[in-house]
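Read the structure below first, then the notes.
Taken together, the values in this text are just the output of simple stated rules run on the coordinates, not laboratory data. Note that the structure is predicted; figures quoted are calculated from it, not measured. So basically every Cβ, Gly included, is an ideal-geometry build from the backbone, and we count neighbours across all protein chains shown.
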């Protein structure tokens, strides 16, 4: 059996690899929450702060159910459904990005990518020695 290990060659590849993995976990988590709590499947007219509180409360409730019920069959049976994917939503609908905000976000992303790359290179040197 041949094992293929992808090793990023620059900070952009490393950032994209980790960002993609994190996004997959987040999408799966929201898919599970939407299947368990139907209120999350539909648009809400609540204020944004209320929606944030609702998601936090439902995450807490979901975790409580998992802890108190032990093996949660609901969780094990839930697969991420494509229709739950953020690509099916118009994420820019009604939202404007101010150029200054974009600059700040790009700078922050680059700083994170730089630090990830530095840490990765240090770790790879330790492993290879």
Seminar exercise, completed: Taking a crude spin-label model, label points 7 Å out from Cα along the C-beta direction, the residue 127 to residue 98 distance in nm is 4.2 nm
Exercise. What's the extension gain from residue 10 to residue 56 if we count 0.36 nm per residue and subtract their Cα-Cα distance?
Worked result: 13.0 nm
For this session: Sort 106, 55 so the one with the fewest other Cβ atoms within 10 Å of its own Cβ comes first.
Result: 106, 55
